[in-house]
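Participant: A single structure is presented below for examination.
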Amino acid sequence: MIGTYRRWTISIEDTEEVFFCREDQALLSGMVAMGKRGIPSGCHGGGCGVCKIRIAAGDYEVGCMSREHVSREEEASGIVLACRAFPRSDLRVEVVGKLAKNIRNPSASVKKYGFV
């Protein structure tokens, strides 16, 4: 049955990671299935807001999202939760959620927490 769905290329601008996602998968599920980690994740159900992204290019659809984390204005400007967004074309995305600074500057986590 997997072969009956279109598969799209998703590029994460912040990390330059690329993964494939079927049109029936949320972006976050597609990323996890490919073993990638470019988009931070939390609850995977649209309630925590950790996977907040901006769709920089491409077509997509979204499911229900908590308005506590994504306002109507943000959604209108392409900001969505990756766990509730489904690709309809190849996409370019940018992480804007709570952990975006750790994605853009991974050494910040090393300095803060002392990881080597």
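Taken together, the values in this text are just the output of simple stated rules run on the coordinates, not laboratory data. Bear in mind the structure is a predicted one, so any value in this text is a computation, not a measurement. Heads up, the Cβs are rebuilt from the backbone with ideal geometry, glycines too, and the neighbour counts pull from every protein chain shown.
Participant: Amide H neighbours of residue 56 under 5 Å, at least 5 residues apart or on other chains, H built in the peptide plane: list them.
Facilitator: 92, 93, 94
Participant: If I stretch the segment between residue 56 and residue 92 completely, what's the gain in nm (0.36 nm per residue apart, minus their alpha carbon distance), one decimal?
Facilitator: 12.4 nm
Participant: Can you list the residues, at least 5 places off or on another chain, whose amide H is less than 5 Å from the amide H of residue 22, using H built in the peptide plane?
Facilitator: 8
Participant: If I stretch the segment between residue 7 and residue 68 completely, what's the gain in nm (0.36 nm per residue apart, minus their alpha carbon distance), one decimal?
Facilitator: Additional length available on full extension: 18.9 nm.
Participant: While we're here: Using the Karplus curve 6.51 cos²θ - 1.76 cosθ + 1.60 with θ = phi - 60°, work out ³J(HN,Hα) for each residue of the range 28-41 in order, rounded to whole Hz, and write x for Gly and Pro.
Facilitator: In residue order, the calculated couplings are 5, 5, x, 5, 4, 4, 8, x, 9, 9, x, 10, x, 9 Hz.
Participant: Could you list 39, 12 so that the one with the fewest beta carbons within 10 Å of its beta carbon is first and the one with the most is last?
Facilitator: In increasing order of surrounding Cβ atoms, one gets 12, 39.
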